[in-house]
């Protein structure tokens, strides 16, 4: 019994432990909350200011290590609305060169974002203003200057592909907690697709400021500062000289040039014209310039290389030939009759010997021949079933990179269109169509739509005899090479050899459509296209690759409303190839004539 | 005779009102503070299910339903099913090790449909039931070594599995069962030895291990020389010396080779040995600033500025006490600590009036578990203990935690209501 009662005494020991711990807590809390001022002072946000350290955004280089995007210093005036009090508003307005109305608006906007967090008040003040302000800042509690970096472009090139950097919007702030109001983010191009790498990581420095808003040094010797991490540099696949030439040749024209290294999928040059100087979309002038550019009737913000879609015209005959060969519907020796302008259902615009074999038909770009190829392909492979035949044709076409985006570092591509058989079912009814109904596809007209990037990729696949890497603009991030998955087309390599022979004759043959612009020592393989369209004169198209053996460059050129493919697109492609492969232009007169031409 | 019949008709008769009110007060106070911690201008509605406080409301409602169910359960079932529940929890703990979901470094969550639960939270009351059922059996005498080993095993098995899940905090809670064992006959020397080991542990981290061992030797030598009766004393003292030395060395080894880097740096921050780290010290520092800046009366409900800055991490879960300290000040902190102390002392008081050993041991277990959480959590937020992530009972946001503590407490309330019955 005594043991039992002694056990129940233990309750007081346990209770004592509990009370002792609680007492320690209460003492500590009493010290922290009542006696000590330390924490109150620390919590007063006007003594502790968090200064964000923006790391310099990563630089961007061309494939030979020449800088194409760089940074310059800028200063933003920031405001923490809750700390603003008793200031001489008129004087501040005068210093910042803004009016009272604007002052109120800006402060309200900042307050709306957060009364406690800093947000930009006036962006990119001049160095002189910064100098003045720095001295007088102590009289404006709540305001401080935030240094940051802005983009600058030594060469006004590749604006669409490089993209631009702008302030984050509300949606971006909500979707990623990293961003705070006033932060910059890549809005388009590779600035967008490599945002995480380029931006680095913001640092934070906690500084103590006195009641006069003057910095009093770091807080606890920088113990709680967060270090910044510099942005990573990008080496692009662009060749600065080639890009510059491309932009020059495309002056005063609507259209696009895309040049790719076939063995890697690296884009050597990508021109969309009309373009703009990327320096226009930097910093505080960005908003105004953006508005002006977006209202320009020539639409310079539109990235034609990846967003404009065209009928491919005669360049698509190569695709039809490839599908025909692959499905066994035709052989290189197959012949189809051409009756010149009297041919049915599609007339031929060239006069030549008939019937031609495949290679000759490519050289001459004979319309009736390729109608024959298309009809035979669809009817033979389908065995009477138009849907089956068409679907096989479509799958083969799409395996060359058409009708879909490339999974790559170029944002905002469009798909183009290789219509599905359901589309024709809806349009003509399930039994209402056959090869004849969709005959335009035989010569790359009709519903098919492709982008200049896809067109260049077609040249790549042919140059590689069957495969491609998704075309991309960035070779390496901070020295680490980017990786891309090889894509294999559904067409066997010997068929590419066959049509390459035809493409060789387009430039080197006696009656090839590109023969006027062949090069002395380099064999070019290519195909021209002249595309009818509802907007006026024909579009001038061309694809090419060179040298014929072991190709180093594949290219597509599209000039809107210019006329024959052979007149404009071919010489431009030829000049680009020469420049890339020899490093110089021997035909300066031609270069002059092309760049001077105004086709708008 | 009449009263007995009456009891059968009313399952709520005899339940302790004090515990009930303390429970409700803590739960509601917690909910209000979760709202304050997460509060922003966009999600003003306290019932918004997109937010922690909206979801907590659902958990509170669920807890009330479960509490009700426990009060309606036949009281005899808790003892009979103790080991069944214990086994079930052990199985699910092991299951988690294999199929568990990893959330911020610890693999302790089980995903069942849309909800994820933490079996570790439920292991506490299950272990408590099993321990009470085992030691509550009159056939078992705690002074026997076999019974002691079995009792320790019941406690350590779930603790070790939880440790393997990387939930150090929850595993530490099981150490609090030592208070239960103390009540049931474990020698006070074990408690004192435990305290000395903890002191040695801290000293071993602060001082050089050879200096510490030298100090121990010195103290023992002085003790030996000052005593008159030295018969056999030297053997005991040499034994103590060997024990302290080996503890010192093993602490050193455990600290440098067993603990993970983040645990090491948390302890170093607390001991003031590490100052150049950013992450670990920052949290505690911000937490202390938030609490310290609350002052005597606090900044007022929903007016905590540190909260609005998002300075303190995990504000609604592990660091909920920051919000309380900042917005309710010293007065609020005092009241909250008072509520917990009241709750624990009341449980101990009720435990001692139980006729059945099962109920008494269970009651001590409830108080011990709540005590461990209370001490570790608040100690962490005010910078007295290293950062160990465990919730504040009934107050912190989190479904598993609230449900588990509700079950833990209400089983005791139910047992207490039937203290005159034979259980």
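Residues in the range A:576-595 that are outside any loop (DSSP other than H, G, I, E, B) and more than 17 Å from residue A:272 (Cα to Cα): A:577, A:578, A:579, A:580, A:581, A:582, A:588, A:589, A:590, A:591, A:592, A:593.
Conditions (1) over 37 Å from the mean Cα position of the chain (by Cα); (2) exposed (fewer than 15 other Cβ atoms within 10 Å of the Cβ); (3) in a helix (DSSP H, G or I); (4) modelled with pLDDT of 85 or more, marked per residue:
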position	(1), (2), (3), (4)
A:14	yes, no, yes, yes
A:22	yes, no, yes, yes
A:46	yes, no, no, no
A:72	no, yes, no, yes
A:78	no, no, no, yes
A:104	yes, yes, yes, yes
A:110	no, no, yes, yes
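Can you name every residue in the range B:172-196 that is surrounded by 14 or more Cβ atoms within 10 Å (Cβ to Cβ) and more than 11 Å from chain A (Cβ to nearest Cβ)? Within the range B:172-196, B:172, B:173, B:174, B:175, B:177, B:196 qualify. Evaluation of residue B:57 against the conditions (1) at pLDDT below 90; (2) surrounded by 12 or more Cβ atoms within 10 Å (Cβ to Cβ) shows that the sole unmet condition is (1). In the range A:561-575, of all residues being out of contact with any helix residue (DSSP H, G or I) (no Cβ under 6 Å at 6 or more places or on another chain) and part of a helix (DSSP H, G or I), the one that is nearest to residue A:532 (Cα to Cα) corresponds to A:569. Of note, residue A:292 does not satisfy the criterion of being out of contact with any helix residue (DSSP H, G or I) (no Cβ under 9 Å at 6 or more places or on another chain) and more than 22 Å from residue A:543 (Cβ to Cβ). Tally up the residues in the range B:308-327 that are modelled with pLDDT of 75 or more, surrounded by fewer than 24 Cβ atoms within 10 Å (Cβ to Cβ) and at the interface with chain A (Cβ under 10 Å from one of its Cβ atoms), please. Going through the range B:308-327 one residue at a time, the tally reaches 0.
Of all residues in the range B:349-369, those satisfying the criterion of being out of contact with any helix residue (DSSP H, G or I) (no Cβ under 6 Å at 6 or more places or on another chain) and within 11 Å of chain A (Cβ to nearest Cβ) are B:349, B:353.
Listed here are the residues, each with its yes/no results for (1) at pLDDT below 90; (2) part of a helix (DSSP H, G or I); (3) within 15 Å of the chain's Cα centre (by Cα).
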{"residue": "A:268", "(1), (2), (3)": "no, no, yes"}
{"residue": "A:275", "(1), (2), (3)": "no, no, yes"}
{"residue": "A:279", "(1), (2), (3)": "no, yes, no"}
{"residue": "A:287", "(1), (2), (3)": "yes, yes, no"}
{"residue": "A:292", "(1), (2), (3)": "no, yes, no"}
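Quick grid of which residues meet (1) under 13 Å from residue A:465 (Cα atoms); (2) within 31 Å of the chain's Cα centre (by Cα); (3) modelled with pLDDT under 90:
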position: A:489; (1), (2), (3): yes, yes, no
position: A:494; (1), (2), (3): yes, no, no
position: A:497; (1), (2), (3): yes, no, no
position: A:502; (1), (2), (3): no, no, no
position: A:508; (1), (2), (3): no, no, no
position: A:532; (1), (2), (3): no, yes, yes
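Of the residues B:384, B:336, B:392, the single one that is assigned to a helix (DSSP H, G or I) and either surrounded by fewer than 24 Cβ atoms within 10 Å (Cβ to Cβ) or touching a helix residue (DSSP H, G or I) at 6+ places or on another chain (Cβ under 9 Å) (or both) is B:336. Contact annotation: residue pairs with Cβ atoms under 7 Å, 6 or more positions apart or on different chains, pairing a residue in the range A:26-39 that is at the interface with chain B (Cβ under 7 Å from one of its Cβ atoms) with a partner that is surrounded by fewer than 14 Cβ atoms within 10 Å (Cβ to Cβ) and assigned to a loop (DSSP other than H, G, I, E, B), are A:33/B:296; A:34/B:296. Of all residues in the range A:139-168, those satisfying the criterion of being in contact with a strand residue (DSSP E or B) (Cβ under 9 Å, 6 or more places away or on another chain) and part of a helix (DSSP H, G or I) are A:159, A:160, A:161, A:162. Among residues that are over 20 Å from residue B:89 (Cα atoms), under 16 Å from the mean Cα position of the chain (by Cα) and either surrounded by fewer than 22 Cβ atoms within 10 Å (Cβ to Cβ) or within 12 Å of chain A (Cβ to nearest Cβ) (or both), residue B:379 is included. Scanning the range A:407-417 for residues that are touching a strand residue (DSSP E or B) at 6+ places or on another chain (Cβ under 8 Å) and either crowded, with 21+ Cβ neighbours inside 10 Å or under 23 Å from residue A:162 (Cβ atoms) (or both) turns up A:408, A:409, A:410, A:416. For residue B:332, the conditions (1) within 14 Å of chain A (Cβ to nearest Cβ); (2) under 20 Å from the mean Cα position of the chain (by Cα) all hold with the exception of (2). For the range B:28-50, which residues satisfy the criterion of being at pLDDT 75 or above and touching a helix residue (DSSP H, G or I) at 6+ places or on another chain (Cβ under 6 Å)? Answer for the range B:28-50, where residues must be at pLDDT 75 or above and touching a helix residue (DSSP H, G or I) at 6+ places or on another chain (Cβ under 6 Å): B:31, B:33, B:34, B:35, B:36, B:37. Within the range B:146-171, being farther than 22 Å from residue B:85 by Cα and modelled with pLDDT of 90 or more holds for one residue alone: B:146. Which ones in the range B:153-166 are touching a residue at least 12 places away in the same chain (Cβ under 8 Å) and touching a helix residue (DSSP H, G or I) at 6+ places or on another chain (Cβ under 9 Å)? Selection gives B:154, B:155, B:156, B:157, B:158, B:159, B:161, B:162, B:164, B:165. Exactly one residue out of A:87, A:50, A:68 is more than 14 Å from every other protein chain (Cβ to nearest Cβ), over 20 Å from residue B:383 (Cα atoms) and either part of a strand (DSSP E or B) or free of Cβ contacts under 8 Å to residues at least 40 places away in the same chain (or both): that is A:68. Across the range A:320-343, a minimum of one residue is classified as in contact (Cβ under 8 Å) with a residue 12 or more places away in the chain and closer than 30 Å to residue A:161 by Cβ.
For (1) within 15 Å of the chain's Cα centre (by Cα); (2) surrounded by 20 or more Cβ atoms within 10 Å (Cβ to Cβ); (3) modelled with pLDDT of 85 or more, each residue gets a yes or a no:
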residue	(1), (2), (3)
A:183	no, no, yes
A:186	yes, yes, yes
A:190	yes, yes, yes
A:199	no, yes, yes
A:203	no, no, yes
A:250	no, yes, yes
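Say whether the condition of being closer than 23 Å to residue B:26 by Cβ and without any contact (Cβ under 8 Å) to a residue 40 or more places away in the chain is met by at least one residue in the range B:92-112. Looking through the range B:92-112, none of the residues is closer than 23 Å to residue B:26 by Cβ and without any contact (Cβ under 8 Å) to a residue 40 or more places away in the chain.
Within the range B:66-86, the set of residues being closer than 21 Å to residue B:136 by Cβ, assigned to a helix (DSSP H, G or I) and free of Cβ contacts under 8 Å to residues at least 24 places away in the same chain comprises B:77, B:80, B:84. Of the helices (runs of 4 or more DSSP H) lying entirely inside the range B:190-307, those carrying at least 1 residues that are modelled with pLDDT of 80 or more are B:209-226, B:233-253, B:279-292. Contact map, the range B:137-152: first residue in a helix (DSSP H, G or I), second residue surrounded by 10 or more Cβ atoms within 10 Å (Cβ to Cβ), Cβ cut-off under 7 Å, separation 6 or more or different chains; pairs are B:147/B:140; B:147/B:141; B:148/B:142; B:150/B:134; B:151/B:131; B:151/B:134; B:151/B:135; B:151/B:181.
The values are calculated or read from the model by the stated rules, or taken from the named source; none is laboratory data. All of these numbers come straight from a predicted model, not from anything done at the bench. Every residue, glycine as well, gets a Cβ built from its backbone with ideal geometry; the counts of neighbours run over all protein chains shown.
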